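This report concerns only the one structure given below.
Read-outs throughout are calculated quantities, based only on the coordinates presented, and are distinct from any laboratory measurement. Nothing here was measured: the structure is a model prediction, and the numbers come from that model. Glycine also receives a Cβ, built like all others from the backbone with ideal geometry; neighbour counts cover every protein chain displayed.
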Amino acid sequence: MTTQTTQRDGDLAAEGLSVGYRSRAGLTQVLADVSVRLHAGKILGLAGESGSGKSTLALSLLGYRVAGQETLAGQVAFDGRDLDRASIKELRKVWGARLAYLPQDTATSLNPALTIRRHFVEGLRRHRGLDTAAAVARSAEWLARVEIPEPESALHKYPHQFSGGQQQRIALALALSVEPEVLILDEPTTGLDVVTQAHVNRLIVALARDAGIAALYVSHNLALLATVCDELAIMYAGQIVEQGVASAVYAAPRHPYTSALIGAVPTIASDRPLHGIPGIPLPSVPVHTCGFAQRCGFRTDACATDIPLVTLADDRSARCIRLDELPPFAPAASHASVSAVVAPRSAPAVDAILTVDNVGVVFSRPGTGEPFVAVDDVSVRVPAGRALGIAGESGSGKSTLLRSIAGLVRPSSGSVSYRGAELAGLAGERPVALRQAIQIVFQNPDATLNPRHTVYQSLERPLKLFRADIAKRDRRDAVAAMMKQIRLSPDLLDRYPRNLSGGQRQRVAIGRALLAEPEVLLCDEVTSALDVSVQASILELLVGLQADRELTVVFVTHDLGVLRAVADEAIILQNGAIREEGPTTKLLREPTHPYTKELIAAVPNPERSSEFLSGGS
């Protein structure tokens, strides 16, 4: 893709950077010999699993250091100086003014006690020396550029008065209004729905390139990075394992880890199976071995040595000792030993186990008391043993509908029936047997797991509540059997949630629901906060358990790739109402409603990057 950009001053670069963290336990190295360069008007994407070193590298490029952090070798060079050796006074002169940072959580950049006007004015006066009138004028101009309605009025509002997507756009405008030379983006759209993600990402690309800004975009979403970035670097265990032109890396990865990551990305564009990656990432830089060797299906004894980053043709580099032997990977073939998530299912049952009839949910708006329709006359039948997907952007009513089925929200109208019998509006009013039959797993496992309870205590609870058939002396065996089903080591049973990774906690939450022996499992965005590789493993787990147990699953998601991976049938919600429904594959391949088409157009697609960035026009 050819873009016209404004050229700016010096590039930012890490040169042979090695970083470690020192604690009472000793020194843990988290970056090893990392070299990257950000160029004016270009966006470098940085991908990898949690713990790979992405955020440490991003913050190191800003000259930011946390307690215990040590630079072991190399430097961060900007405008002729080594930022790692710069004083705090020197760094404060470039932070914000020349080096800008946009985090995932807008709470990091937007103070809830300050108006939007004050956010802008303080930064523009400090970094650009503008007087108040000029700062206010530029603030309104930037709010208009990021498409905030009524920008002059918006300046007098507080952050909480805007949606999540609007807050992220305001944070972007705030970062760019001082005309920085470098922009570091750390998962800036991860928590947003697909339509809002697309809108914010289009703004990021357009504004950064128009201003000639050098940008680093950190994300675990490889499809997104390959769509919006010029170059792509893949990190694993503190090292760059592959780097090159973004579209080329995504289309034909050379490193097995890159291929495995791409194979874990859910897609709506093809029937490519979705694979999890076996094993867990290393917590630190490996010593005298390939860091990915223990998880790689192509390892040999020769991998047990230091592996250099080899320069290939077309400005590509990769860190693999078998580059001459292995051809460019087809993503679907990266881990043939791992079972695919997407698998054909049997024909749907005739009888519905779950029926939603004309359900409506109306809330009162805080402050005004005005009615707000969250779910609008929804009717749907879910056959036994099938998976229904519910998709739509934030505020579409997905989670409210799911919670009304679970009995966590009382419907204002209509009814929910289980096996032909109408259910009481709230779970507490339902018989124990019906509470057992319908279980829910939340997006955040911390909403399910008591931080003061061990894993065993959390998993034992549904046995106490619903499984009188299992004697107390047999509970530990039942829990251990479930740990095997959810692919966790029994060694974790005596640990607390804080000692587990996000993916492990979500597996425990799923296991907790399944120990009740439900017939219906409700899943509310259960993978949206997880790495793509962990997400694939969780989806693989759910699909396998559904088949083994003949579970009926209702799965809420804003990710259409996830929808295709898990759902037999799907409904698309907008403003609380169903806009389209049908078999998932057909619905995504041949959408008929304009809103469904809008959702599909918002999905990042490296093969149609220009179309995505132009908004489909």
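Stretched out fully, how many nm does the piece from A251 to E550 gain, at 0.36 nm a residue minus the Cα gap?
Value of the extension gain: 104.0 nm.
Can you list, bin by bin at 5 Å, the percent of alpha carbon pairs in the stretch 139-210, starting at 0?
Percent of pairs per bin, in order: 3, 16, 30, 26, 17, 7, 0.
Can you figure out the FRET efficiency of T132 with R202, using R₀ = 35 Å and their beta-carbon distance, to the nearest 0.05?
Numbers: r = 32 Å, r/R0 = 0.90.
Plugging the Cβ-Cβ distance into 1/(1 + (r/R0)^6) gives 0.65.
Using only the alpha-carbon atoms, what does the stretch 88-220 span along each of its principal axes? Please give whole angstrom values in decreasing order.
Cα extents, longest axis first: 39, 34, 27 Å.
Hey, could you pull the Cα Rg and Dmax for the chain, both in Å?
25.2, 75
With an 8 Å Cα cut-off and a minimum separation of 6 or more residues, compute the relative contact order for the stretch 108-251 in percent.
In percent, rounded to a whole number, it is 18.
What distance in nm separates the simple spin-label points at D357 and R81, each placed 7 Å from Cα in the Cβ direction?
7.3
What Kirkwood radius, in Å to one decimal, follows from the Cα pairs of the stretch 428-512? Spell out each step's value before the answer.
On the way: mean 1/r = 0.0751 Å⁻¹.
Across the stretch 428-512, the inverse of the average 1/r is 13.3 Å.
Can you tell me the Rg and the Dmax, both Å, for the Cα atoms in the stretch 389-450?
12.5, 34
Starting from the eigenvalues of the Cα gyration tensor, five times each then square-rooted, give me the equivalent ellipsoid semi-axes of the stretch 444-490, largest first, whole Å. Could the numbers behind the result be given before it?
On the way: eigenvalues 65, 40, 16 Å².
In descending order, the three semi-axes are 18, 14, 9 Å.
Based only on other Cβ atoms within 10 Å, what is the fewest-to-most ordering of D469, D306, D230?
D469, D306, D230
Looking only at Cβ-Cβ distances, which cysteines of the chain have no other cysteine closer than 4.7 Å?
Isolated Cys, the chain: C229, C296, C320, C523.
Could you grab the relative contact order for the stretch 467-617? Cα pairs under 8 Å, six or more apart, rounded to a whole percent.
In percent, rounded to a whole number, it is 13.
Averaging sequence separations of C-alpha pairs under 8 Å and six or more residues apart, then dividing by the length of the chain, give the relative contact order as a whole percent.
The normalised contact order for the chain reaches 15 percent.
About its Cα centre, how strong a charge dipole does the chain have in debye, to the nearest 20, once Lys and Arg get +1 and Asp and Glu get -1 at the Cβ?
With only Lys, Arg, Asp and Glu charged at Cβ, the dipole is about 1480 debye.
Would you mind calculating the gained length between R22 and L323 on full extension (0.36 nm times residue separation, minus the Cα-Cα distance), in nm to one decimal?
That works out to 104.9 nm of additional length.
Whole number please: convex hull volume per residue, Cα atoms of the stretch 4-76, in Å³.
87
So what's Rg/Rh here for the stretch 1-142, counting alpha carbon atoms and using the Kirkwood radius for Rh?
Details: Rg = 17.6 Å, Rh = 17.4 Å.
Ratio of gyration radius to Kirkwood radius: 1.01.
Compute the length gained on full extension between N575 and R487: take 0.36 nm times their separation in residues and subtract their Cα-Cα distance, giving the result in nm to one decimal.
27.9 nm
Modelled label-to-label distance, E517 and A302, 7 Å Cα→beta-carbon offset: nm?
Each label point lies 7 Å from its Cα, and together they span 5.5 nm.
Would you work out the Kirkwood radius for the stretch 71-148? I mean one over the mean of 1/r across all pairs of different Cα atoms, in Å. Walk me through the numbers on the way to the answer.
Numbers: mean 1/r = 0.0680 Å⁻¹.
Roughly 14.7 Å, rounded to one decimal.
Taking other Cβ within 10 Å of each residue's Cβ, how do F329, F78, F363 sort, fewest first?
On the way: F329 20, F78 24, F363 14.
Ascending number of Cβ neighbours within 10 Å: F363, F329, F78.
Between V287 and Q457, what FRET efficiency follows from the Cβ-Cβ distance if R0 is 41 Å, with the result rounded to 0.05?
0.60
Pull out a ≥ b ≥ c, the square roots of the eigenvalues of the alpha-carbon gyration tensor of the stretch 480-542, then state rounded if a/c is under 1.5, prolate if not and a/b is larger than b/c, and oblate in the remaining case.
Oblate.
Rounding to the nearest 20 debye, state how big the charge dipole of the stretch 88-153 is about its Cα centre with +1 on each Lys and Arg Cβ and -1 on each Asp and Glu Cβ. Intermediate values should be presented prior to the final figure.
On the way: 11 positive and 8 negative charges, 94 e Å.
Computed charge dipole of the stretch 88-153: roughly 460 debye.
Could I get the Rg over Rh figure for the stretch 282-329? Both from C-alpha atoms, Rh via Kirkwood, rounded to two places.
With Rg and the Kirkwood Rh in hand, the quotient comes to 0.97.
Specify the inter-centroid distance of the stretch 39-67 and the stretch 395-447, based on alpha-carbon positions, in whole Å.
42
Pop the C-beta distance of A144 and E370 into the FRET formula with R0 = 25 Å and round what comes out to the nearest 0.05.
Between A144 and E370 the formula returns 0.30.
Farthest toward the dipole's positive end in the chain, which of L99, A567, P266, given Cβ charges of +1 (Lys, Arg) and -1 (Asp, Glu) about the Cα centre?
L99
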